[in-house]
Amino acid sequence: MKILLISGHGAGDSGAIGNGYKEADLTRELVNNLAPKLRQYATVDVYPQDRDAYSDVNKGNVAVNFANYNYVFEVHFNAGGGDGTEIWVTREEAHITVEEKILSKISQYFNNRGVKRKNFNVIARAKRSGVSSALLETCFIDNANNVNTYKSNVNGICQAICDGIAEGFGLKNNGTTNQTIQPTKKSNEEIAAEVWAGKWGTGEERKNRIQAAGYDYNTIQGLVNKGVGKNGGPTNSTSVPSKSALDVAREIWTKGNWGSGDERKRKVEAAGYNYNEVQKYVNEFAAGKRK
Ligand SMILES: [Zn+2]
């Protein structure tokens with residue numbers, strides 16, 4: 001299961017404004033909180049947050065291929081003096097089980113305004129690519145009660161959305177936690193170098209973006225603080241293994257460390273070991289050839 005999360009507005013379009021907040025900021029906050037939760041159930045990508053998906057679709061300049069996903073979920077905040085949550089799907093969407101599930105979960109915080117249908121730009125474009133899509137209007141940014149409830153319960157509200165999506169699709173928790181997500185594309189050192197190059201912003205923004213991309217913020221900030229990647233890095237030596245491949249295999253076999261499957265491969269490689277070599281030893285343990 002692959003899910004694309006999109007924060008509505010941005011790239012110069014603030015979206016609606018109310019009670020001292022800009023919609024574009026709230027949609028980013030929400031997606032950056034939701035993404036790590038949802039990664040316990042699915043592969044989750046976040047649409048580049050320095051862009052505005054709406055204008056990208058209009059200009060035919062979309063940064064991702066919607067067809068690579070099973071679900072596209074776009075986040076907005078409503079305006080106009082109403083109260084509560086609504087979710088929009090395209091007229092072509094056959095089933096709204098997932099959206100009803102999300103609404104039922106989030107209704108512990110907000111009035112449930114139901115699932116509605118309209119072919120908004122981004123979700124319509126996703127649907128034309130053959131992908132189910134939905135647009136969440138989380139609550140009303142110009143309703144002080146709504147915004148206060150949102151701001152005091154960001155975590156719980158994102159958990160409710162996550163639970164709704166997971167239950168709606170029948171997804172199983174894959175056992176990962178927010179802390180153990182391993183980057184699949186770049187090494188921590190490469191990200192540290194990008195931080196030095198100014199690609200990840202500063203302060204809270206940097207933290208949110210690094211976490212949303214699936215990296216461990218503390219690890220990367222630690223490297224940055226040590227000056228790793230400062231002069232354009234990354235260095236060739238990523239991590240220097242401190243144990244032999246056989247030691248690692250023994251830990252896997254006797255202690256159950258390092259996880260299993262893809263997770264094990266990622267962790268073993270991230271620590272600088274040759275996965276095939278480690279796995280070969282594990283297989284020998286399993287076959288009784290080693291103790
Ligand atoms: Zn909006």
Before anything else, pin down the relative contact order of the chain: Cα pairs under 8 Å, at least 6 apart, normalised by residue count, whole percent.
-> 18 percent
Residue-wise HN-Hα coupling along the stretch 86-100, computed from phi with Karplus coefficients 6.51, -1.76, 1.60 (Hz; x: Gly, Pro) = 9, 10, 9, 10, 6, 5, 8, 5, 6, 10, 10, 4, 5, 5, 5
Towards the positive end of the charge dipole of the chain, with charges on Cβ (+1 Lys, Arg; -1 Asp, Glu), say which of Ile210, Asn32, Gly164 has the farthest Cα.
-> Ile210
Of the listed peptides 137-150, 116-129, 162-175, what is their order by residue-averaged count of other C-beta atoms within 10 Å, with the highest listed first?
-> 137-150, 116-129, 162-175
Amide H proximity to Thr138 below 5 Å, modelled H, separation 5+ or other chain, gives His76, Phe77, Asn78
Rounded if a/c under 1.5, otherwise prolate or oblate - the stretch 2-169, Cα gyration tensor axes = rounded
Computed helical MRE - 222 nm, the chain, DSSP H runs ≥ 4 contributing -39500 (n - 2.57), nearest 500 | -12000 deg cm²/dmol
Can you pull the semi-axes for the chain, root of five times each eigenvalue of the Cα gyration tensor, sorted largest first, whole Å?
-> 39, 23, 17
Report, to the nearest 10°, how far helix 275-286 tilts away from the longest principal axis of the Cα atoms in the chain, using its own Cα long axis and a range of 0 to 90°.
-> 70 degrees
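How much net charge surrounds Lys199 when only the other residues with a Cβ under 12 Å from the Cβ of Lys199 are counted, with Lys and Arg +1 and Asp and Glu -1?
Details: positive: Lys186, Arg206, Arg209; negative: Asp50, Glu190, Glu194, Glu205.
Surrounding charge for Lys199 is -1.
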Could you tally the net charge around Asn146, taking each other residue with its Cβ under 13 Å from the Cβ of Asn146, Lys/Arg +1 and Asp/Glu -1?
-> -3
Pairs over 25 Å Cα to Cα, from Lys2/Lys230; Lys2/Lys267; Lys151/Lys207; Lys186/Lys243; Lys207/Lys255, come to Lys2/Lys230; Lys207/Lys255
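Rule-based calculations on the coordinates, nothing more; no lab input. Since the structure is predicted, the reported quantities are computational estimates derived from the model, not experimental observations. Here Cβ is always computed from backbone atoms with ideal geometry, including for glycine, and neighbour counts include all displayed protein chains.
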